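K.L.:
Here it is: the structure, laid out below.
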Amino acid sequence: MLSCVQSGAVLGIDAYQVRVEVDLSLGLPGVQIVGLPDGAVRESKERVRSALRNTGFAIPPRRITINLAPADIRKEGAAFDLPIALGILASSGNLDFPQLNHYMVSGELALDGTIRPVRGALSIAVACRDAGMDGILLPEENVEEAAVVEGIEVIPVRTVDQAVGFLLGQNPIPPVELPHKDDIPPPGGWPCLSDVKGQEHVKRALEVAAAGGHNLILVGPPGSGKTMVARRIAGVLPPPSFEEALQTTKIYSVAGLLKNGQGIMTQRPFRAPHHTISDVGLIGGGSIPKPGEISLAHNGVLFLDELPEFKKNVLEVLRQPIEDRQVTITRSMVSVTYPSRIMLVAAMNPCPCGFLGDPNHECTCSPHEIQRYRSRISGPLMDRIDLHVEVPAVRYRDLSDKRRGETSETIRDRVVAARRLQLERLGSDHLFCNAQMTPPLLRRDCKVDDEGGRLLEMVVDRLGMSARAYDRILKVARTIADLDASESIQTAHLSEAIQYRSLDRTMS
(Lines give C-alpha, C1' and ligand atoms only; values in the text may rest on other atoms or scores of the structure.)
Protein backbone atom coordinates (compact mmCIF):
# COMPACT_ATOMS: atom_id res chain seq x y z
CA MET A 1 0.00 0.00 0.00
CA LEU A 2 1.25 3.48 -0.90
CA SER A 3 0.93 6.67 1.16
CA CYS A 4 2.24 10.21 0.73
CA VAL A 5 3.12 12.78 3.40
CA GLN A 6 4.03 16.38 2.56
CA SER A 7 7.15 17.78 4.21
CA GLY A 8 9.79 20.41 3.45
CA ALA A 9 13.55 20.83 3.20
CA VAL A 10 15.76 23.89 3.36
CA LEU A 11 17.96 25.07 0.50
CA GLY A 12 19.86 28.24 1.34
CA ILE A 13 17.48 30.25 3.52
CA ASP A 14 14.37 29.14 1.65
CA ALA A 15 12.56 25.82 1.70
CA TYR A 16 10.93 23.65 -0.94
CA GLN A 17 8.18 21.05 -0.73
CA VAL A 18 9.22 17.39 -0.35
CA ARG A 19 6.85 14.46 -0.92
CA VAL A 20 7.62 11.58 1.44
CA GLU A 21 6.27 8.55 -0.41
CA VAL A 22 6.07 5.29 1.57
CA ASP A 23 5.33 1.93 -0.03
CA LEU A 24 4.79 -1.37 1.84
CA SER A 25 5.17 -4.48 -0.29
CA LEU A 26 5.75 -8.19 0.02
CA GLY A 27 9.33 -9.30 0.39
CA LEU A 28 12.07 -9.57 2.97
CA PRO A 29 11.40 -7.12 5.84
CA GLY A 30 13.58 -4.03 5.65
CA VAL A 31 13.60 -0.29 5.08
CA GLN A 32 15.14 1.40 2.04
CA ILE A 33 15.30 5.21 1.73
CA VAL A 34 15.94 6.75 -1.71
CA GLY A 35 15.97 10.31 -3.04
CA LEU A 36 19.55 11.42 -2.29
CA PRO A 37 19.40 11.14 1.53
CA ASP A 38 22.41 12.11 3.64
CA GLY A 39 23.64 10.11 6.63
CA ALA A 40 21.17 11.66 9.08
CA VAL A 41 18.23 10.85 6.79
CA ARG A 42 19.40 7.27 6.22
CA GLU A 43 19.68 6.76 9.97
CA SER A 44 16.07 7.90 10.43
CA LYS A 45 14.80 4.35 9.82
CA GLU A 46 16.33 3.25 13.13
CA ARG A 47 14.93 6.24 15.02
CA VAL A 48 11.49 5.76 13.47
CA ARG A 49 11.41 2.02 14.22
CA SER A 50 12.30 2.55 17.91
CA ALA A 51 9.98 5.55 18.31
CA LEU A 52 6.96 3.72 16.90
CA ARG A 53 7.65 0.59 18.95
CA ASN A 54 8.08 2.57 22.18
CA THR A 55 4.80 4.44 21.64
CA GLY A 56 2.76 1.28 21.04
CA PHE A 57 2.60 1.20 17.23
CA ALA A 58 3.58 -1.94 15.33
CA ILE A 59 5.55 -1.89 12.10
CA PRO A 60 4.30 -4.65 9.76
CA PRO A 61 6.98 -7.15 8.66
CA ARG A 62 7.05 -5.92 5.07
CA ARG A 63 9.54 -4.43 2.68
CA ILE A 64 9.29 -0.64 3.15
CA THR A 65 10.50 1.71 0.42
CA ILE A 66 10.64 5.44 1.18
CA ASN A 67 11.17 7.98 -1.60
CA LEU A 68 11.94 11.65 -0.95
CA ALA A 69 10.82 13.59 -4.01
CA PRO A 70 12.18 15.51 -5.86
CA ALA A 71 14.86 12.86 -6.01
CA ASP A 72 17.56 15.00 -7.67
CA ILE A 73 18.15 17.33 -4.68
CA ARG A 74 20.18 16.12 -1.72
CA LYS A 75 18.17 15.86 1.53
CA GLU A 76 19.84 16.46 4.89
CA GLY A 77 18.90 16.55 8.55
CA ALA A 78 16.49 14.66 10.78
CA ALA A 79 13.33 16.65 9.98
CA PHE A 80 11.91 13.78 7.89
CA ASP A 81 11.57 11.43 10.89
CA LEU A 82 7.99 12.38 11.74
CA PRO A 83 6.64 12.36 8.15
CA ILE A 84 8.31 8.97 7.55
CA ALA A 85 6.71 7.57 10.72
CA LEU A 86 3.27 8.86 9.74
CA GLY A 87 3.74 7.53 6.21
CA ILE A 88 4.53 4.05 7.51
CA LEU A 89 1.45 4.08 9.75
CA ALA A 90 -0.74 5.27 6.88
CA SER A 91 0.65 2.62 4.50
CA SER A 92 0.04 -0.19 7.00
CA GLY A 93 -3.71 0.19 6.45
CA ASN A 94 -4.49 0.13 10.16
CA LEU A 95 -4.98 3.90 10.46
CA ASP A 96 -6.92 6.27 8.25
CA PHE A 97 -5.69 9.87 8.32
CA PRO A 98 -8.38 11.97 6.64
CA GLN A 99 -6.43 15.21 7.23
CA LEU A 100 -2.99 13.94 6.21
CA ASN A 101 -3.09 15.55 2.75
CA HIS A 102 -4.01 18.95 4.18
CA TYR A 103 -0.94 19.42 6.42
CA MET A 104 2.81 19.58 5.99
CA VAL A 105 4.81 17.67 8.62
CA SER A 106 8.32 18.17 9.98
CA GLY A 107 10.06 16.93 13.12
CA GLU A 108 12.91 14.83 14.50
CA LEU A 109 12.04 11.78 16.61
CA ALA A 110 13.63 10.65 19.84
CA LEU A 111 13.66 6.93 20.57
CA ASP A 112 10.83 7.31 23.09
CA GLY A 113 8.54 8.93 20.52
CA THR A 114 8.94 12.55 21.58
CA ILE A 115 9.45 15.14 18.84
CA ARG A 116 12.55 17.31 18.83
CA PRO A 117 13.00 20.73 17.16
CA VAL A 118 14.32 21.13 13.62
CA ARG A 119 16.21 23.80 11.72
CA GLY A 120 14.53 26.06 9.19
CA ALA A 121 10.98 25.75 10.58
CA LEU A 122 10.13 29.31 9.51
CA SER A 123 11.25 28.68 5.93
CA ILE A 124 9.32 25.39 5.84
CA ALA A 125 6.21 27.19 7.07
CA VAL A 126 6.57 29.70 4.21
CA ALA A 127 6.84 26.78 1.75
CA CYS A 128 3.71 25.29 3.30
CA ARG A 129 1.79 28.51 2.72
CA ASP A 130 3.08 28.82 -0.85
CA ALA A 131 1.97 25.23 -1.55
CA GLY A 132 -1.60 26.17 -0.57
CA MET A 133 -1.84 23.73 2.34
CA ASP A 134 -4.03 24.24 5.40
CA GLY A 135 -1.28 24.08 7.98
CA ILE A 136 1.86 22.47 9.32
CA LEU A 137 2.65 20.10 12.20
CA LEU A 138 5.83 21.16 14.00
CA PRO A 139 7.65 20.44 17.27
CA GLU A 140 6.50 22.69 20.11
CA GLU A 141 9.87 24.45 20.24
CA ASN A 142 9.52 25.63 16.62
CA VAL A 143 5.96 26.93 16.53
CA GLU A 144 6.72 30.46 17.76
CA GLU A 145 8.93 31.24 14.77
CA ALA A 146 6.56 29.58 12.29
CA ALA A 147 3.49 31.36 13.66
CA VAL A 148 4.51 34.65 12.02
CA VAL A 149 3.56 33.16 8.62
CA GLU A 150 0.05 34.25 7.73
CA GLY A 151 -2.53 32.04 6.06
CA ILE A 152 -1.73 28.64 7.64
CA GLU A 153 -2.40 26.82 10.89
CA VAL A 154 0.67 26.01 12.96
CA ILE A 155 -0.01 22.91 15.07
CA PRO A 156 2.38 22.12 17.95
CA VAL A 157 2.99 18.42 18.63
CA ARG A 158 5.04 16.82 21.40
CA THR A 159 4.86 13.09 20.60
CA VAL A 160 4.09 10.74 17.73
CA ASP A 161 0.83 9.54 19.31
CA GLN A 162 -0.32 13.15 19.77
CA ALA A 163 0.30 13.81 16.05
CA VAL A 164 -1.56 10.61 15.17
CA GLY A 165 -4.50 11.59 17.38
CA PHE A 166 -4.73 15.00 15.70
CA LEU A 167 -4.67 13.58 12.18
CA LEU A 168 -7.31 10.99 13.14
CA GLY A 169 -9.54 13.79 14.43
CA GLN A 170 -9.52 12.32 17.94
CA ASN A 171 -7.25 14.89 19.59
CA PRO A 172 -7.96 18.46 18.43
CA ILE A 173 -4.99 20.81 18.94
CA PRO A 174 -5.63 24.56 18.67
CA PRO A 175 -3.23 26.31 16.28
CA VAL A 176 -0.74 28.80 17.68
CA GLU A 177 -1.99 32.38 17.47
CA LEU A 178 -0.24 34.67 15.01
CA PRO A 179 1.63 37.54 16.71
CA HIS A 180 0.50 40.86 15.27
CA LYS A 181 3.14 42.95 13.55
CA ASP A 182 2.44 45.86 15.90
CA ASP A 183 3.12 43.60 18.90
CA ILE A 184 6.83 43.27 18.08
CA PRO A 185 8.65 44.84 21.04
CA PRO A 186 11.06 47.71 20.32
CA PRO A 187 14.81 47.04 20.39
CA GLY A 188 16.52 47.37 23.72
CA GLY A 189 19.23 46.01 25.95
CA TRP A 190 22.16 47.58 24.10
CA PRO A 191 24.77 49.58 26.07
CA CYS A 192 24.21 53.33 25.84
CA LEU A 193 26.43 55.85 24.06
CA SER A 194 26.13 58.16 27.05
CA ASP A 195 28.67 55.87 28.76
CA VAL A 196 31.36 57.07 26.32
CA LYS A 197 33.30 60.04 27.66
CA GLY A 198 34.36 62.70 25.17
CA GLN A 199 34.87 61.62 21.55
CA GLU A 200 32.03 63.85 20.33
CA HIS A 201 33.22 63.78 16.72
CA VAL A 202 33.32 59.97 16.85
CA LYS A 203 29.75 59.87 18.12
CA ARG A 204 28.75 62.21 15.32
CA ALA A 205 30.37 59.88 12.76
CA LEU A 206 28.55 56.97 14.35
CA GLU A 207 25.25 58.83 13.97
CA VAL A 208 25.96 59.57 10.30
CA ALA A 209 26.90 55.95 9.64
CA ALA A 210 23.75 54.65 11.33
CA ALA A 211 21.53 57.18 9.56
CA GLY A 212 22.71 56.13 6.10
CA GLY A 213 23.67 52.48 6.72
CA HIS A 214 27.28 53.33 5.86
CA ASN A 215 30.34 51.18 6.52
CA LEU A 216 32.67 52.65 9.15
CA ILE A 217 36.25 52.15 10.31
CA LEU A 218 37.65 53.55 13.57
CA VAL A 219 41.40 54.18 13.80
CA GLY A 220 43.09 55.03 17.10
CA PRO A 221 45.54 53.98 19.80
CA PRO A 222 44.80 51.23 22.34
CA GLY A 223 42.37 52.31 25.05
CA SER A 224 40.87 55.19 23.08
CA GLY A 225 37.43 53.60 23.12
CA LYS A 226 37.13 52.21 19.57
CA THR A 227 35.58 48.91 20.63
CA MET A 228 33.42 50.57 23.28
CA VAL A 229 31.93 52.94 20.70
CA ALA A 230 31.49 50.26 18.05
CA ARG A 231 29.57 47.95 20.39
CA ARG A 232 27.04 50.72 20.98
CA ILE A 233 26.15 51.31 17.36
CA ALA A 234 23.38 48.71 17.37
CA GLY A 235 21.58 50.83 19.97
CA VAL A 236 21.27 53.81 17.61
CA LEU A 237 20.12 51.87 14.55
CA PRO A 238 16.41 52.13 13.70
CA PRO A 239 14.29 49.13 14.70
CA PRO A 240 13.89 46.56 11.91
CA SER A 241 10.75 46.47 9.84
CA PHE A 242 8.59 43.36 10.04
CA GLU A 243 9.94 42.17 6.68
CA GLU A 244 13.54 42.69 7.79
CA ALA A 245 12.89 40.87 11.08
CA LEU A 246 11.26 38.00 9.19
CA GLN A 247 14.23 37.60 6.82
CA THR A 248 16.76 37.76 9.65
CA THR A 249 14.79 35.14 11.58
CA LYS A 250 14.83 32.83 8.56
CA ILE A 251 18.63 32.95 8.45
CA TYR A 252 18.99 32.18 12.16
CA SER A 253 16.37 29.44 11.90
CA VAL A 254 18.24 27.76 9.05
CA ALA A 255 21.52 28.08 10.96
CA GLY A 256 19.94 26.55 14.08
CA LEU A 257 20.74 29.62 16.19
CA LEU A 258 17.23 30.43 17.38
CA LYS A 259 16.62 29.52 21.00
CA ASN A 260 13.89 26.98 21.68
CA GLY A 261 10.55 28.78 21.78
CA GLN A 262 11.98 31.99 20.32
CA GLY A 263 9.74 33.71 17.80
CA ILE A 264 10.63 36.47 15.40
CA MET A 265 13.88 38.35 16.06
CA THR A 266 13.08 41.88 17.17
CA GLN A 267 16.62 43.30 17.22
CA ARG A 268 19.11 43.87 14.46
CA PRO A 269 21.93 41.33 14.74
CA PHE A 270 25.39 42.35 15.93
CA ARG A 271 28.11 39.88 15.02
CA ALA A 272 31.72 40.23 16.18
CA PRO A 273 33.84 37.26 14.99
CA HIS A 274 37.38 36.78 16.26
CA HIS A 275 40.24 37.61 13.90
CA THR A 276 41.21 33.92 13.67
CA ILE A 277 38.03 33.15 11.70
CA SER A 278 38.40 31.40 8.33
CA ASP A 279 37.01 32.65 5.04
CA VAL A 280 34.34 29.91 5.15
CA GLY A 281 33.35 30.94 8.66
CA LEU A 282 33.03 34.57 7.58
CA ILE A 283 31.37 34.17 4.18
CA GLY A 284 29.72 30.78 4.55
CA GLY A 285 30.23 27.49 2.75
CA GLY A 286 31.25 23.97 3.58
CA SER A 287 30.50 20.72 1.74
CA ILE A 288 26.86 21.36 2.63
CA PRO A 289 26.66 25.20 2.43
CA LYS A 290 25.80 27.05 5.62
CA PRO A 291 25.48 30.82 6.20
CA GLY A 292 28.58 32.58 7.51
CA GLU A 293 28.99 35.56 9.83
CA ILE A 294 28.31 38.09 7.06
CA SER A 295 24.87 36.54 6.45
CA LEU A 296 24.17 36.16 10.16
CA ALA A 297 24.73 39.95 10.35
CA HIS A 298 22.16 40.58 7.58
CA ASN A 299 20.12 43.73 8.32
CA GLY A 300 22.50 44.45 11.19
CA VAL A 301 26.17 45.06 12.05
CA LEU A 302 29.28 43.02 11.33
CA PHE A 303 32.03 44.26 13.67
CA LEU A 304 35.64 43.34 12.86
CA ASP A 305 37.92 44.39 15.72
CA GLU A 306 41.67 44.61 15.07
CA LEU A 307 41.01 44.54 11.32
CA PRO A 308 44.65 44.09 10.14
CA GLU A 309 44.95 40.95 12.28
CA PHE A 310 42.44 39.12 10.07
CA LYS A 311 44.02 36.96 7.38
CA LYS A 312 44.36 38.83 4.10
CA ASN A 313 42.43 36.21 2.12
CA VAL A 314 39.58 36.46 4.64
CA LEU A 315 39.34 40.22 4.20
CA GLU A 316 39.50 40.01 0.42
CA VAL A 317 36.48 37.70 0.19
CA LEU A 318 34.46 40.44 1.90
CA ARG A 319 34.67 42.73 -1.12
CA GLN A 320 32.06 41.13 -3.35
CA PRO A 321 29.42 40.48 -0.63
CA ILE A 322 29.70 44.07 0.62
CA GLU A 323 29.13 45.40 -2.88
CA ASP A 324 26.44 42.94 -4.05
CA ARG A 325 24.76 42.48 -0.62
CA GLN A 326 24.54 38.74 -1.15
CA VAL A 327 26.80 35.68 -1.14
CA THR A 328 26.50 32.91 -3.72
CA ILE A 329 28.13 29.60 -2.77
CA THR A 330 28.46 27.00 -5.51
CA ARG A 331 29.23 23.34 -4.97
CA SER A 332 29.21 20.41 -7.38
CA MET A 333 25.60 19.49 -6.57
CA VAL A 334 24.07 22.71 -5.33
CA SER A 335 24.29 26.50 -5.51
CA VAL A 336 22.77 28.64 -2.77
CA THR A 337 22.55 32.38 -2.22
CA TYR A 338 22.51 34.01 1.21
CA PRO A 339 21.68 37.70 1.76
CA SER A 340 24.41 39.92 3.24
CA ARG A 341 23.03 43.44 3.51
CA ILE A 342 25.22 44.54 6.39
CA MET A 343 26.71 47.60 7.99
CA LEU A 344 30.43 46.88 8.33
CA VAL A 345 32.10 48.43 11.36
CA ALA A 346 35.84 47.89 11.81
CA ALA A 347 38.48 49.04 14.26
CA MET A 348 42.28 49.15 13.99
CA ASN A 349 45.38 50.71 15.46
CA PRO A 350 47.25 53.29 13.34
CA CYS A 351 50.46 51.20 13.47
CA PRO A 352 51.74 47.92 14.98
CA CYS A 353 52.57 49.47 18.36
CA GLY A 354 49.37 51.52 18.25
CA PHE A 355 50.78 54.94 19.17
CA LEU A 356 51.40 56.64 15.83
CA GLY A 357 50.26 60.25 16.19
CA ASP A 358 49.60 59.92 19.94
CA PRO A 359 51.05 63.01 21.68
CA ASN A 360 51.45 61.12 24.97
CA HIS A 361 53.30 58.05 23.69
CA GLU A 362 56.19 57.65 21.31
CA CYS A 363 55.69 55.40 18.30
CA THR A 364 58.44 52.76 18.03
CA CYS A 365 57.51 51.54 14.53
CA SER A 366 59.64 52.13 11.47
CA PRO A 367 58.04 53.51 8.29
CA HIS A 368 58.43 50.10 6.67
CA GLU A 369 56.62 48.39 9.56
CA ILE A 370 53.80 50.91 9.38
CA GLN A 371 53.47 50.45 5.63
CA ARG A 372 53.49 46.67 5.91
CA TYR A 373 50.88 46.80 8.71
CA ARG A 374 48.50 49.01 6.71
CA SER A 375 49.03 47.06 3.50
CA ARG A 376 47.20 44.14 5.11
CA ILE A 377 44.04 46.07 4.21
CA SER A 378 43.82 46.44 0.44
CA GLY A 379 42.82 49.64 -1.31
CA PRO A 380 39.72 48.07 -2.92
CA LEU A 381 38.43 46.99 0.50
CA MET A 382 39.14 50.42 2.00
CA ASP A 383 37.26 52.01 -0.91
CA ARG A 384 34.17 50.12 0.21
CA ILE A 385 34.27 51.71 3.68
CA ASP A 386 32.44 55.02 3.61
CA LEU A 387 33.65 56.68 6.82
CA HIS A 388 37.25 56.66 8.10
CA VAL A 389 37.29 58.13 11.62
CA GLU A 390 40.30 58.87 13.80
CA VAL A 391 39.75 58.12 17.50
CA PRO A 392 42.34 59.94 19.65
CA ALA A 393 43.19 59.05 23.24
CA VAL A 394 40.66 60.38 25.73
CA ARG A 395 41.81 63.38 27.78
CA TYR A 396 41.57 63.42 31.58
CA ARG A 397 39.20 66.38 31.41
CA ASP A 398 36.71 64.26 29.49
CA LEU A 399 37.19 61.21 31.70
CA SER A 400 36.54 63.20 34.88
CA ASP A 401 33.50 65.03 33.47
CA LYS A 402 30.42 63.99 35.51
CA ARG A 403 27.94 65.12 32.88
CA ARG A 404 26.29 62.44 30.79
CA GLY A 405 26.29 62.79 27.05
CA GLU A 406 23.41 62.18 24.68
CA THR A 407 21.73 58.83 25.10
CA SER A 408 21.48 56.25 22.34
CA GLU A 409 17.72 56.75 22.33
CA THR A 410 18.05 60.46 21.55
CA ILE A 411 20.45 59.80 18.71
CA ARG A 412 18.27 56.98 17.43
CA ASP A 413 15.33 59.37 17.11
CA ARG A 414 17.36 61.53 14.70
CA VAL A 415 18.53 58.45 12.83
CA VAL A 416 14.94 57.21 12.43
CA ALA A 417 13.86 60.64 11.09
CA ALA A 418 16.68 60.59 8.52
CA ARG A 419 15.88 57.02 7.49
CA ARG A 420 12.25 58.02 7.01
CA LEU A 421 13.31 60.66 4.48
CA GLN A 422 15.47 58.12 2.68
CA LEU A 423 12.64 55.61 2.53
CA GLU A 424 10.35 58.20 0.99
CA ARG A 425 13.00 58.96 -1.62
CA LEU A 426 14.24 55.43 -2.31
CA GLY A 427 11.33 53.19 -1.35
CA SER A 428 9.99 52.98 -4.88
CA ASP A 429 13.37 51.50 -5.89
CA HIS A 430 13.13 48.92 -3.06
CA LEU A 431 16.05 50.49 -1.19
CA PHE A 432 16.13 51.43 2.48
CA CYS A 433 19.08 53.77 3.00
CA ASN A 434 21.58 55.97 1.19
CA ALA A 435 24.38 53.41 1.33
CA GLN A 436 22.39 51.27 -1.12
CA MET A 437 22.05 53.95 -3.80
CA THR A 438 23.03 52.98 -7.36
CA PRO A 439 24.87 55.31 -9.79
CA PRO A 440 21.62 56.45 -11.49
CA LEU A 441 20.17 57.36 -8.08
CA LEU A 442 23.38 59.19 -7.17
CA ARG A 443 22.98 61.37 -10.25
CA ARG A 444 19.34 61.98 -9.38
CA ASP A 445 19.54 62.61 -5.62
CA CYS A 446 23.11 63.78 -4.97
CA LYS A 447 23.46 66.86 -7.15
CA VAL A 448 25.88 69.52 -5.90
CA ASP A 449 26.18 73.19 -6.78
CA ASP A 450 29.17 74.84 -8.49
CA GLU A 451 30.95 75.57 -5.22
CA GLY A 452 30.54 71.99 -4.06
CA GLY A 453 31.74 70.73 -7.45
CA ARG A 454 34.95 72.76 -7.19
CA LEU A 455 35.54 71.43 -3.67
CA LEU A 456 35.11 67.85 -4.83
CA GLU A 457 37.37 68.38 -7.82
CA MET A 458 40.16 69.74 -5.64
CA VAL A 459 39.91 66.89 -3.13
CA VAL A 460 39.64 64.06 -5.68
CA ASP A 461 42.58 65.34 -7.74
CA ARG A 462 44.80 66.03 -4.73
CA LEU A 463 44.21 62.67 -3.03
CA GLY A 464 43.91 60.59 -6.19
CA MET A 465 40.61 59.11 -5.06
CA SER A 466 38.94 56.29 -6.98
CA ALA A 467 35.51 56.64 -8.55
CA ARG A 468 34.12 54.43 -5.80
CA ALA A 469 35.53 56.73 -3.07
CA TYR A 470 33.98 59.70 -4.87
CA ASP A 471 30.59 58.00 -4.83
CA ARG A 472 30.98 57.25 -1.12
CA ILE A 473 31.55 60.93 -0.37
CA LEU A 474 28.35 61.84 -2.19
CA LYS A 475 26.36 59.18 -0.33
CA VAL A 476 27.65 60.32 3.05
CA ALA A 477 26.97 63.97 2.17
CA ARG A 478 23.40 63.00 1.24
CA THR A 479 22.99 61.36 4.65
CA ILE A 480 24.33 64.43 6.48
CA ALA A 481 21.85 66.55 4.53
CA ASP A 482 19.05 64.18 5.58
CA LEU A 483 20.06 64.57 9.23
CA ASP A 484 19.69 68.32 8.70
CA ALA A 485 16.36 67.73 6.88
CA SER A 486 17.85 69.54 3.87
CA GLU A 487 16.51 68.81 0.40
CA SER A 488 19.83 69.64 -1.28
CA ILE A 489 23.45 68.88 -0.47
CA GLN A 490 25.21 71.99 0.81
CA THR A 491 28.94 72.71 0.77
CA ALA A 492 29.04 72.19 4.56
CA HIS A 493 27.62 68.69 4.11
CA LEU A 494 30.30 67.89 1.53
CA SER A 495 33.04 69.28 3.77
CA GLU A 496 31.99 67.05 6.66
CA ALA A 497 31.77 64.00 4.38
CA ILE A 498 35.28 64.66 3.06
CA GLN A 499 36.62 64.77 6.63
CA TYR A 500 35.48 61.15 7.00
CA ARG A 501 38.08 59.97 4.45
CA SER A 502 41.12 60.29 6.72
CA LEU A 503 42.80 57.10 5.53
CA ASP A 504 42.71 58.38 1.95
CA ARG A 505 44.84 61.30 3.15
CA THR A 506 47.31 59.25 5.18
CA MET A 507 47.70 56.49 2.60
CA SER A 508 47.92 58.72 -0.47
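The values are calculated or read from the model by the stated rules, or taken from the named source; none is laboratory data. Fair warning: this is a prediction, and the values are worked out from it, not measured in the lab. All Cβ positions, glycine included, derive from the backbone under ideal geometry; neighbour counts span all protein chains shown. To get the accessible areas, we keep the full protein, side chains included, count just its heavy atoms, and leave off ligands, DNA and RNA. Shrake-Rupley method; radii C 1.70, N 1.55, O 1.52, S 1.80 Å.
K.L.:
Distance in nm between label sites at ARG129 and GLN371, each 7 Å beyond Cα in the beta-carbon direction?
P.N.:
In this crude spin-label approximation the distance works out to 5.8 nm.
K.L.:
Whole number please: convex hull volume per residue, Cα atoms of segment 1-159, in Å³.
P.N.:
Value for segment 1-159: 97 Å³ per residue.
K.L.:
Which values, in whole Å and largest first, are the semi-axes of the equivalent ellipsoid of the chain obtained as the square root of 5 times each eigenvalue of the Cα gyration tensor?
P.N.:
53, 23, 21
K.L.:
Additional query: On a 0 to 90° scale, report how tilted helix 450-463 is relative to the longest principal axis of the chain, with both axes built from alpha carbons and the result rounded to the nearest 10.
P.N.:
Approximately 90 degrees, to the nearest 10.
K.L.:
Given a Förster distance of 30 angstrom, what is the FRET efficiency for ASN101 paired with GLU424, based on the Cβ-Cβ distance and rounded to 0.05?
P.N.:
My answer for the efficiency is 0.05.
K.L.:
Describe numerically, in nm with one decimal, the distance between label points set 7 Å from Cα along Cα→Cβ at ASP413 and at VAL394.
P.N.:
Between ASP413 and VAL394, the label points sit 2.5 nm apart.
K.L.:
Which whole-number value in Å² is the accessible area per residue of the chain, probe 1.4 Å?
P.N.:
Normalised by residue count, the accessible surface of the chain is 44 Å².
K.L.:
In whole percent, how big is the carbon plus sulfur part of the accessible area of the chain, probe 1.4 Å, protein atoms only?
P.N.:
50 percent
K.L.:
Still on this structure, please answer the following. Could you give the spread of the C-alpha atoms of segment 73-155 along their three principal axes, from largest to smallest, in whole angstroms?
P.N.:
Ordered largest first, segment 73-155 gives principal extents of 35, 28, 26 Å.
K.L.:
Per the Kirkwood formula on distinct C-alpha pairs, the Rh of segment 33-106 is how many angstrom?
P.N.:
13.0 Å
K.L.:
Moving to a separate point now. How far apart, in nanometres, would the label points at ASP112 and SER502 be if each is projected 7 angstrom from Cα along the Cα-to-Cβ direction?
P.N.:
6.0 nm
K.L.:
With a 10 Å radius around each residue's Cβ, average the other Cβ atoms per peptide and rank 11-21, 149-159, highest first.
P.N.:
So the order, starting with the most tightly packed, is 11-21, 149-159.
K.L.:
Cα axis of helix 467-483 to longest principal axis of the chain: angle in degrees, 0 to 90, nearest 10?
P.N.:
Relative to the chain, helix 467-483 is tipped by roughly 90 degrees.
K.L.:
Also, quick follow-up: By per-residue mean of other Cβ atoms within 10 Å, what is the highest-first order of 428-439, 77-88, 383-394?
P.N.:
Taking the mean over residues of other Cβ atoms within 10 Å, the ranking is 77-88, 383-394, 428-439.
K.L.:
Here's something else I'd like to know. Of all the C-alpha pairs in segment 91-230, what % are more than 21 Å from each other?
P.N.:
Everything past 21 Å amounts to 59 percent.
K.L.:
Around SER123, what is the net charge, scoring Lys/Arg as +1 and Asp/Glu as -1 over all other residues with Cβ under 10 Å from its Cβ?
P.N.:
0
K.L.:
Suppose R0 equals 56 Å. What FRET efficiency, 1/(1 + (r/R0)^6) with r the Cβ-Cβ distance, do THR364 and GLN32 give to the nearest 0.05?
P.N.:
The value I calculate is 0.20.
K.L.:
Run the 1.4 Å probe and let me know the accessible area of TYR500, rounded to the nearest 10 Å².
P.N.:
20 Å²
K.L.:
Further, regarding this structure: Considering only DSSP beta bridges with both partners in the chain, what is the antiparallel share in %, to the nearest 5?
P.N.:
45 percent
K.L.:
Return the lysines within reach of LYS226: Cα separation strictly under 20 angstrom, same-chain partners fewer than 8 residues apart disregarded; answer none if there are no such residues.
P.N.:
Reachable lysines: LYS197, LYS203.
K.L.:
I'd like the distance between the alpha-carbon centres of segment 80-108 and segment 142-157, rounded to an integer number of Å.
P.N.:
19 Å
K.L.:
Let me ask something additional. Working out 0.36 nm times the residue gap between LYS259 and TYR16, then minus their Cα-Cα distance, what length gain in nm do you get to one decimal?
P.N.:
85.1 nm
K.L.:
Additional query: How big is segment 256-334 on each of its three principal axes, counting only the C-alpha atoms and giving the largest first in Å?
P.N.:
The Cα atoms of segment 256-334 stretch 39, 36, 23 Å along their principal axes.
K.L.:
Please state, to two decimals, what the Cα-based radius of gyration of segment 355-457 comes to when divided by 2.2 N^0.38 Å (N = residues).
P.N.:
1.59
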